[in-house]
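A.B. asks: Sharing a structure with you now.
No value in this document is a laboratory result; all are computed from the given coordinates. Worth saying up front: this structure is predicted, and the values here are computed from it rather than measured. Cβ: placed from backbone, ideal geometry, glycine included. Neighbour counts: every protein chain shown.
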There are 2 protein chains.
Amino acid sequence: MAETKIPYKIYLNESEMPDKWYNVRADMKNKPAPLLNPATHEPMKPEELGVVFCDELVAQELDNTNPYIEIPQEIRDFYKMYRPSPLVRAYCLEEKLQTPAKIYYKFEGNNTSGSHKLNSAIAQAYYAKKQGLKGVTTETGAGQWGTALSMACSYLGLDCKVYMVKCSYEQKPFRREVMRTYGASVIPSPSMTTQVGQKILAEHPDTTGSLGCAISEAVEVAVTNEGYRYVLGSVLNQVLLHQSIIGMETKIAMDKYGIKPDIIIGCAGGGSNLGGLISPFMGEKLRGEADYQFIAVEPASCPSFTRGTYAYDFCDTGMICPLAKMYTLGCDFIPSPNHAGGLRYHGMSPVLSQLYDDGLMEARSVIQTDVFEAAEAFARVEGILPAPESSHAIRVAIDEALKCKETGEEKTILFGLTGTGYFDMYAYEKFHNGEMGDYIPTDEELAKYRAALPKVD
Amino acid sequence: MAETKIPYKIYLNESEMPDKWYNVRADMKNKPAPLLNPATHEPMKPEELGVVFCDELVAQELDNTNPYIEIPQEIRDFYKMYRPSPLVRAYCLEEKLQTPAKIYYKFEGNNTSGSHKLNSAIAQAYYAKKQGLKGVTTETGAGQWGTALSMACSYLGLDCKVYMVKCSYEQKPFRREVMRTYGASVIPSPSMTTQVGQKILAEHPDTTGSLGCAISEAVEVAVTNEGYRYVLGSVLNQVLLHQSIIGMETKIAMDKYGIKPDIIIGCAGGGSNLGGLISPFMGEKLRGEADYQFIAVEPASCPSFTRGTYAYDFCDTGMICPLAKMYTLGCDFIPSPNHAGGLRYHGMSPVLSQLYDDGLMEARSVIQTDVFEAAEAFARVEGILPAPESSHAIRVAIDEALKCKETGEEKTILFGLTGTGYFDMYAYEKFHNGEMGDYIPTDEELAKYRAALPKVD
């Protein structure tokens, strides 16, 4: 490989790291729709949200006007433990594909939680601590968010209760042990520790759980225990705000080397990584300063953008959370248990939903065997073993690079590599053994859940 | 935490990365003893070693005179995929311990193999490829070396056969899947695929295997198959040479910021990480340019330095490898199966053995519950979940920092954090559940293996 001007990995100096988060809502003409009270269908008031969330996070959730929000020094110190994350030029992948495209990825997996989730976990834990709380509750599916929150709480000395979707709890005992290493309590969901869990277990004694159900339990514990609040790892506006650190670091690094991406790609479950990565670039597009092609990639098993409805829906199965307007498959939709690729949430970030509805970004769905094929090819040349979630973005980045090979275009492709797959080897094993199928919901199935969406005027 | 001049993490620029390995043997007055032919007890000739190892690696193995060896450009390109590794100032650990000591660690776990092993794997695979070979064979215990070699072979398009100690193969199916992701064949050892494996299974049908036994099988396959050679992840002089990249990067980073370590600590199994980390510092000490305190840390379950004998011994159970003069517990010694902390090899690098025998470095043994206690404390404040192996060094670094707290000394402590513990959660689980004991061999047991050492004049 020839000597090149752009290094394999661009690391910012600590002094170049952003000291503010960027709030893309400030530049959106059409703001994301407000959260609604599920009983009255009126916009949630700060004091209502304050029962569930920490006060400063409520303020961030509702702030549609301030473009920049200062990152507190304590959070910046924590960020320095594992940030800046590298922006990697995928020279080896380019060579393997023999593409004229230039491929970059922002790698967020170099921390023990294994993903970008830590960026928001430390922020949410910090504001809980600052408010004098005892602890926080949350849910986790694959376990990345739960691990991230455990790490943040351990660092700050907060109690941390994690409701882990039962099938993950059983299939991923090692994820559970990582959380225990960081001192968290991990409870399989649904559980008998909550009323909503008891109700779900009474109706579906054999259920293996879902994210929506675990959210309901975690929220119930937060609102019924003195000194606790609930925190969430994706979907919410505040989470996208914290995750903007990904995009801001990326932009600073690219500007430093005079790189301008043509296409920006991210996987999308609840939208935290994609929203964070694209934020500052989307800001430029919204302000008319630059143009980019944004592509959200979701699993064909859980296609909220590509086959969902833009409507108000419940965020949780227990229907105790506020209603959010988002691209959704319906709050009772659960992807096939055979779907191993993550990104299982039924809805999508309200911010991204609005941007998508306004035609400012695209979405594609991909089947999981194609995703794992891309994951393995990437691992073999770039070294990093990617998380199945992140591999959705790899798949489309490779597809776009191969298009460039056909057309001869030298496009610059940027994608988010959100995490590592060390705790997903069971899925990789299924793929190696040829036992991984593809699971696409039928139109009839989706219509059933669509019909059950709440009616909101 | 106050703003400081030394960043949390020091990353070299790619242009500052070393382009040569440092060969500490060149500066040793007493050279490590030569490998001997197990039949004749004569020093192994290059042509004899060439049956087992690649030619250029034989030359490196025997080179006691050249202080610097050029790193081929292809290897430097591969290094850029995951290096430079960060030198981390452990501000959070210092604050937690309330010590006046300044603690640094060189973190080698930020790559998919999860450890420093990749530094030598790519070098050995490169020379095999250059020699036009079809593939390489090796053994692996915990799986770090096997994973590293799989990654390197996949990158270069070489076949890779890994003999994995049977108990690890069964207890760590996910490690096996990572190797399969990189295209390696993984065979549980002892196996029926080799004569030595068949012999061991006939004598001990219930054996769960050992590193010494897996080495014998891998060597047999290499010497009986056209186009294959054997590669080893530790112990050998060549491996320490490749691992000197760790120490050289560390020294460049420290010199850049005017930091001089007083104490340098590393865990020691076969010696690859410790040897690599200390090499350039030891060179200064050997040349009388500077002085450092070096501490090798080994498990009390497998105490080759602290309770072994400096003598010629077999490197493998099948006794088909050359004899090496080293601190050894005897080639039939196997640590208690309840020992979960890694570093299970019966012998120690001949280079480190000679340095230790010359009084140039110290050694300490630690019990595994103390090691896991240090690991968990470290994880909670520094974020990184450490490998059990690496946590031996953490234990002694903490002990030394606490001594400084008592005396008020502001010593600078450097230790090697060789890897991550994502595939060791079974051991962490035992620790959390209070089921982890400490296993220290008795004097009688050690005497039995000592009496069986080969007689070499």
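A.B. asks: Stokes-Einstein diffusion coefficient for the range B:319-457 at 25 °C in a medium of 0.890 mPa s, Rh from the Kirkwood formula over Cα pairs: what value in µm²/s?
C.D. replies: Using the Kirkwood radius from Cα pairs, D works out to 143 µm²/s.
A.B. asks: Quick one: if you stick a label point 7 Å off each Cα along the C-beta vector at A:Glu409 and A:Thr224, how many nm between them?
C.D. replies: Output for this residue pair reads 5.5 nm.
A.B. asks: Defining the label point at 7 Å along Cα→Cβ, can you sort the distances from B:Ala26 to the same site in each other copy, shortest first, in nm?
C.D. replies: 5.6
A.B. asks: Given the range A:257-299, what whole percent of its Cα pairs are spread farther than 12 Å?
C.D. replies: Percent of Cα pairs beyond 12 Å in the range A:257-299: 60.
A.B. asks: Would you kindly derive the ³J(HN,Hα) couplings of the range A:175-184 from the backbone phi angles with the Karplus curve 6.51 cos²θ - 1.76 cosθ + 1.60 (θ = phi - 60°), listing them in order in whole Hz, with x for Gly and Pro?
C.D. replies: Taking θ as phi minus 60°, the curve returns 4, 4, 5, 4, 5, 5, 4, 8, x, 7 Hz for the range A:175-184.
A.B. asks: Fewest first, what order do A:Phe281, A:Phe415, B:Phe305 take by the number of other Cβ atoms within 10 Å? Please report the intermediate quantities before stating the final value.
C.D. replies: Details: A:Phe281 22, A:Phe415 29, B:Phe305 25.
Fewest-to-most Cβ neighbours within 10 Å comes out as A:Phe281, B:Phe305, A:Phe415.
A.B. asks: How big is the range B:331-399 in terms of Cα radius of gyration and Dmax, in angstroms?
C.D. replies: 13.9, 40
A.B. asks: Checking the table A:Lys403/A:Lys430; A:Lys9/A:Lys106; A:Lys29/A:Lys251; A:Lys5/B:Lys5; A:Lys9/A:Lys80 against a 19 Å threshold on Cα-Cα, which pairs fail?
C.D. replies: Long pairs (Cα-Cα over 19 Å): A:Lys403/A:Lys430; A:Lys29/A:Lys251; A:Lys5/B:Lys5.
A.B. asks: I would also like to ask the following. B:Lys403 label points, 7 Å along Cα→Cβ, one per copy: pairwise distances from this copy to the rest in nm, shortest first?
C.D. replies: 6.3
A.B. asks: Rounding to the nearest 20 debye, state how big the charge dipole of the range B:320-429 is about its Cα centre with +1 on each Lys and Arg Cβ and -1 on each Asp and Glu Cβ.
C.D. replies: Roughly 180 debye for the range B:320-429.
A.B. asks: I've got another one for you. Quick one: what are the phi-derived ³J(HN,Hα) couplings along the range B:202-207, Karplus 6.51/-1.76/1.60 with θ = phi - 60°, whole Hz, x for glycine and proline?
C.D. replies: 5, 7, 10, x, 9, 4
A.B. asks: Continuing with the same structure: Under 21 Å Cα to Cα from A:Lys405, which lysines show up? Leave out anything in the same chain fewer than 8 places away.
C.D. replies: A:Lys96, A:Lys102, A:Lys260
A.B. asks: Which value does Rg/Rh take for the protein assembly as shown over its C-alpha atoms, Rh per Kirkwood? Intermediate results must be reported in sequence, preceding the final value.
C.D. replies: Numbers: Rg = 27.6 Å, Rh = 28.3 Å.
In the protein assembly as shown, Rg relative to Rh is 0.98.
A.B. asks: Determine the distance separating the Cα centre of the range B:102-168 from the Cα centre of the range A:199-250; give it in Å without decimals.
C.D. replies: Here the two parts' Cα centres lie 40 Å apart.
A.B. asks: In the protein assembly as shown, what % of DSSP beta bridges are antiparallel (nearest 5)? Please list the in-between numbers first.
C.D. replies: Working: 36 of 102 bridges.
Around 35 percent antiparallel, to the nearest 5.
A.B. asks: With only alpha-carbon pairs counted, each pair once and no self-pairs, how large is the Kirkwood hydrodynamic radius of the range A:177-283 in angstroms?
C.D. replies: Hydrodynamic radius (Kirkwood, Cα only) of the range A:177-283 equals 16.7 Å.
A.B. asks: Taking the radius of gyration and the Kirkwood hydrodynamic radius from Cα positions alone, what is the Rg/Rh ratio for the range A:42-150, to two decimal places?
C.D. replies: On the way: Rg = 18.2 Å, Rh = 16.6 Å.
Result for the range A:42-150 is an Rg/Rh of 1.09.
A.B. asks: Next up: Report, in degrees rounded to the nearest 10, the 0 to 90 angle that the Cα long axis of helix A:272-286 makes with the longest principal axis of chain A.
C.D. replies: Around 60 degrees separate the two axes.
A.B. asks: Taking every pair of Cα atoms in the range A:199-252, average 1/r, invert it to obtain the Kirkwood radius, and report Rg/Rh to two decimals.
C.D. replies: That ratio equals 1.18.
A.B. asks: May I ask you to list the GluC sites (Glu not before Pro) in the range B:369-442 that are in a DSSP loop and have at most 12 other Cβ atoms within 10 Å of their Cβ? Before the final figure, lay out the partial values.
C.D. replies: Working: sites: B:Glu373, B:Glu376, B:Glu382, B:Glu389, B:Glu400, B:Glu406, B:Glu409, B:Glu410, B:Glu429, B:Glu435; in loops: B:Glu409, B:Glu410, B:Glu435.
Counting only loop positions with at most 12 other Cβ atoms within 10 Å, the GluC sites (Glu not before Pro) in the range B:369-442 are B:Glu410, B:Glu435.
A.B. asks: Right, here's the next one. Across the Cα atoms of the range B:207-341, what radius of gyration and what greatest pairwise Cα-Cα distance (Dmax) are found, in Å?
C.D. replies: Cα radius of gyration and Dmax of the range B:207-341 are 17.3, 52 Å respectively.
A.B. asks: Still on this model: Measure off 7 Å from each Cα along the Cα-to-Cβ vector at B:Lys455 and B:Thr40, then give the distance between these two points in nanometres to one decimal.
C.D. replies: Using points 7 Å along Cα→Cβ, the separation is 2.2 nm.
A.B. asks: State the answer as a single residue: which of A:Tyr22, A:Gly330, A:Cys302 lies farthest towards the positive end of the charge dipole of chain A, with beta carbon charges of +1 for Lys and Arg and -1 for Asp and Glu, about the Cα centre.
C.D. replies: Highest projection toward the positive end goes to A:Tyr22.
A.B. asks: So, one more: Once amide H atoms are placed 1.01 Å from N in the peptide plane, what residues at a sequence separation of 5 or more from A:Lys102, or on another chain, have their amide H within under 5 Å of its amide H?
C.D. replies: Excluding prolines and chain starts, which carry no amide H, the hits are A:Lys411, A:Thr412, A:Ile413.
A.B. asks: Sum -39500 (n - 2.57) across every DSSP H segment of at least 4 residues in the protein assembly as shown, then divide by the residue count to get the 222 nm mean residue ellipticity, nearest 500.
C.D. replies: -13000 deg cm²/dmol
A.B. asks: A follow-up question, please. Need one number: nm distance between label points at B:Glu435 and B:Glu284, each 7 Å from Cα along Cα→Cβ, rounded to one decimal.
C.D. replies: Label-label distance for B:Glu435 and B:Glu284, simple model: 4.7 nm.
A.B. asks: Taking amide H positions as placed 1.01 Å from N in the peptide plane, with prolines and chain starts having none, which residues 5 or more places from B:Asp159, or on another chain, fall under 5 Å of its amide H?
C.D. replies: Those qualifying (amide H under 5 Å, at least 5 residues apart or on another chain) are B:Gly135, B:Val136.
A.B. asks: OK, next. Using only alpha carbon positions, build the gyration tensor of chain B, then give the equivalent ellipsoid semi-axes as the square roots of 5 times its eigenvalues, largest first, whole angstrom.
C.D. replies: In descending order the semi-axes read 32, 25, 22 Å.
A.B. asks: Turning to a different aspect of this structure: Charges at C-beta only: +1 for Lys and Arg, -1 for Asp and Glu. How large is the resulting dipole of the range B:120-182 about its Cα centre, in Debye rounded to 20? Can you show the working numbers first?
C.D. replies: Numbers: 9 positive and 4 negative charges, 17 e Å.
Its charge dipole is roughly 80 debye.
A.B. asks: Run the Debye formula on the Cα coordinates of the range B:17-62, all scatterers equal and no solvent, and tell me log10 I(q)/I(0) at q = 0.14, 0.18, 0.21 1/Å.
C.D. replies: So the normalised log intensities are -0.44, -0.67, -0.83.
A.B. asks: Follow-up. With charges only on Cβ, +1 for K and R and -1 for D and E, what is the dipole size of chain B about its Cα centre, in debye, rounded to 20?
C.D. replies: Magnitude of the dipole: close to 640 debye.
A.B. asks: From the phi of every residue in the range B:78-91, what ³J(HN,Hα) in whole Hz does the Karplus formula 6.51 cos²θ - 1.76 cosθ + 1.60 yield, where θ is phi - 60° and glycine or proline is x?
C.D. replies: These are the phi-based 3J(HN,Hα) values: 5, 3, 5, 5, 9, 10, x, 8, x, 9, 9, 8, 7, 4 Hz.
A.B. asks: So if R0 is 30 Å, what FRET efficiency would B:Asp63 and B:Lys256 give, r being the distance between their Cβ atoms, rounded to the nearest 0.05?
C.D. replies: Step by step, r from the Cβ atoms, then E = 0.55.
A.B. asks: Could I ask something else about it? In terms of modelled amide H atoms, which long-range or inter-chain residues lie less than 5 Å from the amide H of A:Ser349?
C.D. replies: A:Val235, A:Gly271
A.B. asks: For label points placed 7 Å from Cα toward Cβ, what is the shortest-first list of nm distances from B:Pro337 to its copies?
C.D. replies: 3.2
A.B. asks: Normalise the Cα radius of gyration of the range B:292-342 by 2.2 N^0.38 Å (N = residues in it) and let me know the number.
C.D. replies: Values: Rg = 12.4 Å, N = 51, 2.2 N^0.38 = 9.8 Å.
Ratio of Cα Rg to 2.2 N^0.38 Å: 1.26.
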